[in-house]
Every structure is written in structure tokens, then in C-alpha cells.
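A short worksheet on the structure shown next.
The values are calculated or read from the model by the stated rules, or taken from the named source; none is laboratory data. Everything numeric here is computed off the predicted structure, so don't read it as measured data. Backbone-built Cβ (ideal geometry, glycine too); neighbour counts: all protein chains shown.
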């Protein structure tokens, strides 16, 4: 049975989790690898490709723009790029900000590309003004509303290189999109970050993918300036995708929340700086091997603060875990997660409080007052179109006394389509509430 076909699920309390689980492949790396392969003339191969909805949106978009896509095996993708994308295409990035922003950069050399989404209440509400301003400074004609919201139409007839600044406080995805554009220009491109880069880990992923596909980007040590040389060109390459950071963080936190012995077999831990150290500081037993992490959960948890700029995708599951610690935990430097599929500070805080967790917020901070006995539960919470909210609230339900019902759980498929099936295999219990 596929749980994500249903409109509501109930996550029951669990006394114990046990077994081995494999996180899905990284949506962050997969999306970037698919786009880079589509921009390269010739055949590229991607091993361990993610099957999440976000990556599917990137695959469908690249196919619409002219790339050949083939699955010789369920986890292996072959992309044949033509070296020239199609003009005049309408692109649907689904509900994915990273797909939209990467493609805004990659299609800015075309004459006319329009971006539209059916998710008007989620991605359709998110501003892309930073990207719009940067593209206009590079000669791209952009048609959109005053906040840079979808629909957006680009005309890159007069696009050029040079130097441009992009505000990256809300998202590093704007910067990554411009670096992809730099690999398509005949002139050099320098991108400066004038303020601060709140989430550098995804930019490292972008640089790795670009380097593997022949686009060498140099950068300042402080990650405030990036340079793509003139005449850079994408080349066919082979990619091997590691494990998804958001899904891995959720599994780590779930295993730590209840009595457990869970082995998480992974293909590389990316974009999770500081997470294992944080769990250790909380008192969780974590043994790290070359290809696996063993978590023994169920012990007392200490309240610990966390710098969310290190691993943005880990903030929500770690905050859900901190709801069961003895004391108050502060998750700081996280304003940028307000601009994800939902406002991951305000919207998530409201769902925590609805479930019975005491929490507060500031502009750049989420404050969680832990209670080792957990919450009573027995209420329904909302997903807010966000996979991270689904997984984090599932943890609250797992540790509660009556469980939690999660409305619209299908959005977990953005990164982890079989999350609930794997939770059941570890000993969790999920029922359908249709």
C-alpha cells in the first residue's frame, strides 16, 4: 500500500524501532546533476538517481526543454543533451523552489521561457525578486509581478556576462542558478554576495556538480564572491548520488526519539554539517561507520542549541527531537527557512503548539521548550505542503501518548516517497484516515 495516496494518516506511538533503513538519494544533488547533464551535448549517466517529486519535476522540465531522458534501470538515469535548449517552452517546476531557481538561471540564455506552477498556495506565493533583479542586471528581460512571483517569463536575447550581486539571505538557490547561467555564457561572470550566505552547504553541492561537468568556478574563501571564466561549457559526465540530507536527518531524529537500535545505511552524508555532533551533545548514542550510522535511541535527551545555517534541512526534525529534551533548545540563524515550501518557522511552530509542544519564535530563531514525557497527541496537524513538516510531526506522533494525525501527508514525496512504508518496517505503526 502507498500511504501517500491518502489525504490523512495517523502516526501511532511506538515503544521501539529496530532494523536497517536506507535513506533515499539526494534530491539536491540529483536535481543539479539532471540539469547539468541536460545542458551538456551528449550522453551523461546518473547512478542512484532520486525518485522524489522535486527531481521528477526537474526531469520533466529538462525533457520539455529538449533533453533525452531514459531509465535503463529504476535507479539509473541516462540524459542526452542536445547542447541547445528549446525556445518558447512553458516549464512547470512543480512545488520546488530549487528546480525553479536553477532553471531560471539555465534558461536565461533563451529567447522566451515561461514558468508556471499549479501550487499557487505554496511555490506560487514565494518571491524570486533577488533572482529577477540579478537577471535584469545581466540583460535578461523578465516579465513578472512586483515580488518576482510566478508566472515568470524570461527573454535572454540580450543576456551578457559581467559582474552582478545577488542577495542570498533568504536562499542560496538564487546564487546556484546564476552559477549555472555562468556555464552558458561566452563572457566571464562574477557573482558577488553583498550581505551574507545563510546556507552554504547547497552551494558546495552546486560547485561539485559544475566541476564534474566541466564548469570550473573559483570563489573567495569566505564564499562572498564567485567567478565563472569566459567560454565555460557543460560536458557529459557520470554522477553517483549520495543520500538525501533532509531524509537522513529525519531518520536520525526518529531513531533517537524512542528506544531503538537502527542502522542507517547511506551513500554519503552531504549537507549535514554538525548534525551528528548535535545528536551526540544531546546524549544520543551514534556510531558512525564509512557507509552506515548506528543510532541507539531512547535515553535522556539534553537541550542543546543548533546553528541552522550549517544544515538547514535538519532543523525541523532536530527541533521535533528537542521537543522531548530536558530544557529549552534554540535553533538560530534560520531566517532563510521561512522561504521554503512553507514558513518553516511560523507554520511549523503553530503545528508544534497544536500538538502540545511549547514553542516560540523570533525573526531568525525557533525556541523549543522540551518535555521528556512528550505530548498527549490525539489531534490533527497540517503538512503545509512541506515534506519537512510531515516528517518532523511524524516524530512528535511517534513519541506521543495518543499519536498524531497528519493531513495531506503526500507532500513527503518531495524528498522521501516511501517514508511511511520504511517507518513501518522499523516498527512504527501508521493507519489511513480517509
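Of all the numbered requirements in (1) under 24 Å from residue 197 (Cα atoms); (2) surrounded by fewer than 16 Cβ atoms within 10 Å (Cβ to Cβ); (3) modelled with pLDDT of 95 or more; (4) in contact with a helix residue (DSSP H, G or I) (Cβ under 9 Å, 6 or more places away or on another chain), residue 136 misses one, and that requirement is (4). Total residues in the range 264-286 satisfying the condition of being closer than 16 Å to residue 300 by Cα, out of contact with any helix residue (DSSP H, G or I) (no Cβ under 6 Å at 6 or more places or on another chain) and part of a strand (DSSP E or B): the figure is 1. Can you pull out every residue in the range 291-326 that is free of Cβ contacts under 8 Å to residues at least 40 places away in the same chain, in contact with a helix residue (DSSP H, G or I) (Cβ under 6 Å, 6 or more places away or on another chain) and either surrounded by fewer than 24 Cβ atoms within 10 Å (Cβ to Cβ) or over 19 Å from residue 201 (Cβ atoms) (or both)? Result: 302, 304.
Taken residue by residue, the range 55-69 has at least one member that is within 30 Å of residue 263 (Cα to Cα), out of contact with any strand residue (DSSP E or B) (no Cβ under 7 Å at 6 or more places or on another chain) and either modelled with pLDDT of 95 or more or part of a strand (DSSP E or B) (or both).
Where in the range 327-403 are the strands (runs of 3 or more DSSP E), entirely inside, with at least 2 residues that are without any contact (Cβ under 8 Å) to a residue 12 or more places away in the chain and out of contact with any helix residue (DSSP H, G or I) (no Cβ under 8 Å at 6 or more places or on another chain)?
Values: elements: 328-332, 358-362, 365-369, 380-382.
Correct list: empty, since no element meets the threshold.
Annotation note: of 124, 88, the sole residue that is surrounded by fewer than 24 Cβ atoms within 10 Å (Cβ to Cβ), assigned by TED's automatic domain parsing to the domain that holds residue 152 and farther than 28 Å from residue 385 by Cα is 88. Filtering the range 183-195 to residues that are under 16 Å from residue 85 (Cβ atoms) and either assigned by TED's automatic domain parsing to the domain that holds residue 336 or in contact with a strand residue (DSSP E or B) (Cβ under 9 Å, 6 or more places away or on another chain) (or both) leaves 183, 185.
Looking at 261, 248, 218, can you tell me which residue is surrounded by fewer than 22 Cβ atoms within 10 Å (Cβ to Cβ), touching a helix residue (DSSP H, G or I) at 6+ places or on another chain (Cβ under 9 Å) and on the phi < 0 side of the Ramachandran plot? Step through it out loud before you land on a result.
Numbers: 248 fails: surrounded by fewer than 22 Cβ atoms within 10 Å (Cβ to Cβ); 218 fails: touching a helix residue (DSSP H, G or I) at 6+ places or on another chain (Cβ under 9 Å).
Exactly one residue qualifies, and that residue is 261.
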